[in-house]
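A quick write-up on the structure given underneath.
The values are calculated or read from the model by the stated rules, or taken from the named source; none is laboratory data. Every value quoted in this text rests on a predicted model; they were computed, and no experiment measured them. Neighbour counts are summed over all protein chains in view; Cβ atoms, including those assigned to glycine, are modelled from backbone coordinates with ideal geometry.
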Amino acid sequence: MNTRVILIGGFHKAKSLAMSLINKGYTVTAINNDQRHCSELAEIDKLTVFFGDGTKPFVLEDANVYSADIAIALTQRDEDNLVACELCKKKYNVKKTVSIISEPIKADFFRQMGIDSVVCAITAITNIIEQQAFLNEMATLIPIGEGRISLARVPIPAASPIIGKKLLEMDLPREVIVGCILRGEESIIPRGDSRILAGDILMLISSVKHEMIAIRELTGR
Amino acid sequence: MKPALKEKTIKQYTIIAGCGRLGANLANTLSNNGESVLIIDWNQDAFRKLSPSFGGQVLLGDATDMSALHEAEIAKAETVVSVTNNDNTNIFVAQIASEYYGVPHVIARLYDSERDIVYKEFKIDTIYPAVLSAKEIDKILYFHDSPEEKA
């Protein structure tokens, strides 16, 4: 059966998320309480749009929330997102609920209230900006596990102090793992005695806290 | 009789979210009874509803903002009453007070009774003005219709 996703509130986020999810083959329904936003969202092919307040049970029922697999709350107000997710979870047994929040410190409280996934837009954006500002040569960084863990692609410059060193000789934090070495066309799953050469690209799996330390260690800046 | 006397001298700290007619009224009453009260509202003008004799604290801020709740020292509160004009705000404040900060008594005023599933598993007392009014009106109608039967 097709996975059904309900998007509650949000306009730009809902729009881009809806397009991306529909492209991936999901069945998507959007609820929005702004008439103009609704008509603009309705222009997206295959997207079902409902006008109304997604924190009200009857609106959710209209949007057929019973058959949804995932509910994503995208409104600007944290309290609305909380109530929308709680209704979906407790009243309508939606399997997975996702909420964005504006204040990072609210994340624990939201999880305690049973929301499966909490995304803090501000934390995500500041992390990205920080990474961009510090290391412009770093191509990609994928946050995993609500941004606590990230997968980073780190090219090793010729000037790096670790060139020619074995992995076990390097002074990396324990919370960092080199998952793969990309060397030209080759991809090497590293062991402790693998040597790093200039031009290698390392795939790093690390906690967000230790990622910067590791990258500085590897690139020598 | 000593314990009772002692109990009276311990001030209970109450936080009220929302300085509307109900919030302000409640704050005035508690303050007049000598209780320690803090009232939060995001609108400075709302505090004009407080009586001149109000002896509690006022806090300008958003009750769903955790920094405001910290400033209000919510963890020390005995009671939190959430009576803003927004149901979702009241649910949020009530849940965070009861579940996250462990406030013993939490009361929320809600207009819409359809969302009860959201908080009924928590130790939150709720008040529905519509339900209360309906009951009162019902009572008046009942007495009005059949006064002799009742007597």
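Could you run through segment A:117-129 and say how many residues are touching a residue at least 24 places away in the same chain (Cβ under 8 Å) and farther than 17 Å from A:Thr75 by Cβ? Here the count works out to 2.
Output the number of residues of segment B:102-121 satisfying the condition of being buried (at least 18 other Cβ atoms within 10 Å of the Cβ) and more than 7 Å from chain A (Cβ to nearest Cβ). Outline the logic, then answer.
Of segment B:102-121, the ones buried (at least 18 other Cβ atoms within 10 Å of the Cβ) are B:103, B:106-110, B:115, B:118-119.
Add one more test, that the residue is more than 7 Å from chain A (Cβ to nearest Cβ), and what stays is B:103, B:106-110, B:119.
Qualifying residue count, segment B:102-121: 7.
Residues in segment A:1-57 that are among the hydrophobic types (A, V, I, L, M, F, W, C) and in a helix (DSSP H, G or I): A:Ala14, A:Leu17, A:Ala18, A:Met19, A:Leu21, A:Ile22, A:Cys38, A:Leu41.
A residue that is assigned to a helix (DSSP H, G or I) and either hydrophobic (A, V, I, L, M, F, W, C) or not assigned by TED's automatic domain parsing to the domain that holds A:Gly145 (or both) can be found somewhere in segment A:113-122. On the basis of being in contact with a strand residue (DSSP E or B) (Cβ under 9 Å, 6 or more places away or on another chain) and either in a loop (DSSP other than H, G, I, E, B) or crowded, with 19+ Cβ neighbours inside 10 Å (or both), does B:Val58 make the cut? No: the conditions fail for B:Val58. Hey, A:Ala107 hits all of (1) under 20 Å from A:Ser20 (Cα atoms); (2) modelled with pLDDT of 90 or more but one; which does it fall short on? The single condition A:Ala107 does not satisfy is (1).
Kindly indicate whether A:Glu169 is at positive phi, surrounded by fewer than 17 Cβ atoms within 10 Å (Cβ to Cβ) and not small (Gly, Ala, Ser).
Numbers: at positive phi: no; surrounded by fewer than 17 Cβ atoms within 10 Å (Cβ to Cβ): yes; not small (Gly, Ala, Ser): yes.
No: the conditions fail for A:Glu169.
Scan segment B:67-101 for residues that are at the interface with another protein chain (Cβ under 9 Å from one of its Cβ atoms) and closer than 18 Å to A:Thr55 by Cβ and the total you get is 10.
Within segment A:110-155, can you find the residues that are more than 17 Å from the chain's Cα centre (by Cα), modelled with pLDDT of 75 or more and crowded, with 16+ Cβ neighbours inside 10 Å? Correct list: A:Met113, A:Val154, A:Pro155. Considering segment A:26-66, the residues that are within 14 Å of chain B (Cβ to nearest Cβ) and within 15 Å of A:Ala14 (Cα to Cα) include one that is surrounded by the fewest Cβ atoms within 10 Å (Cβ to Cβ), namely A:Gly52.
Is it the case that A:Met203 is within 30 Å of A:Ser117 (Cβ to Cβ) and out of contact with any Phe, Trp or Tyr (no Cβ under 9 Å at 6 or more places or on another chain)?
On the way: within 30 Å of A:Ser117 (Cβ to Cβ): yes; out of contact with any Phe, Trp or Tyr (no Cβ under 9 Å at 6 or more places or on another chain): yes.
For A:Met203, the condition - within 30 Å of A:Ser117 (Cβ to Cβ) and out of contact with any Phe, Trp or Tyr (no Cβ under 9 Å at 6 or more places or on another chain) - is met.
Residues that are of a type in the set (Ser, Thr, Tyr) and under 28 Å from the mean Cα position of the chain (by Cα) were ranked within segment A:185-221; the one that is surrounded by the fewest Cβ atoms within 10 Å (Cβ to Cβ) is A:Ser187.
Any chance segment A:67-85 includes a residue that's over 25 Å from the mean Cα position of the chain (by Cα), surrounded by fewer than 18 Cβ atoms within 10 Å (Cβ to Cβ) and at negative phi? Give the steps one after another, and end with the answer.
Of segment A:67-85, the ones over 25 Å from the mean Cα position of the chain (by Cα) are none.
There is no residue in segment A:67-85 that is over 25 Å from the mean Cα position of the chain (by Cα), surrounded by fewer than 18 Cβ atoms within 10 Å (Cβ to Cβ) and at negative phi.
As for segment B:39-46, it holds no residue that is in contact with a Leu (Cβ under 7 Å, 6 or more places away or on another chain), closer than 26 Å to B:Gln12 by Cα and of a type in the set (Gly, Ala, Ser).
Among the residues making up segment A:94-125, those that are touching a Phe, Trp or Tyr at 6+ places or on another chain (Cβ under 8 Å), within 11 Å of chain B (Cβ to nearest Cβ) and not acidic (Asp, Glu) are A:Ile101, A:Phe109, A:Gln112.
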